[in-house]
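Each reported figure results from applying straightforward, stated rules to the coordinates on display, with no laboratory input. Please read these numbers as outputs of a predicted model, since none were measured by experiment. All Cβ positions, even for glycine, are placed from backbone atoms using ideal geometry, and neighbour counts span all protein chains on display.
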Amino acid sequence: MKLDNKMKSALKAQAHHLKPVVRVGQHGLTENVIKETDHALTTHELIKVHIQDDDRAIRQQAAADLAEKNNAILVHHIGKIFILYRKNIVAKVIETKTEAKKPTSRKPAAKKPTKNVYTEKKRG
């Protein structure tokens, strides 16, 4: 599944406030990391992953491998953090702006006239 630019930017905006759910440590991509990533993607659809390694090429390769092994899409990567997305077939978790429901067209309620106490003369 390929993402268009609108979908990518919507997913990046939704992932902005997220904290990394999965951390890849000194042992690299182990079976447990792959299983945890799979579980997190099933639960959340959109996750951030943090890789501890300092080498840029190793980080990019690990991000691509992790996305491939979990049938996910690598949305974005910057520094040691990258964003993965996998659409959940069972339950829809994320509703992007392009898929969001349009508001119903209701007429706004009529406003009640307000009294201006300063201009109105007191009867007395």
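Computed quantities for the displayed model
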item	result
Kirkwood Rh and Cα Rg combined as Rg/Rh, the stretch 5-85	0.93
Length gained when the stretch K6-D54 is fully extended (0.36 nm per residue, less Cα-Cα span)	14.2 nm
Leading residue at positive end of dipole, the stretch 5-85 (Cβ point charges), from F82, V22, Q60	F82
Under Karplus coefficients 6.51, -1.76 and 1.60, residue-wise ³J(HN,Hα) of the stretch 38-48 in Hz, glycine/proline x	4, 5, 5, 5, 5, 6, 10, 6, 10, 9, 10
Spacing of the two label points (7 Å from each Cα toward its C-beta) at H17 and H39, in nm	2.6 nm
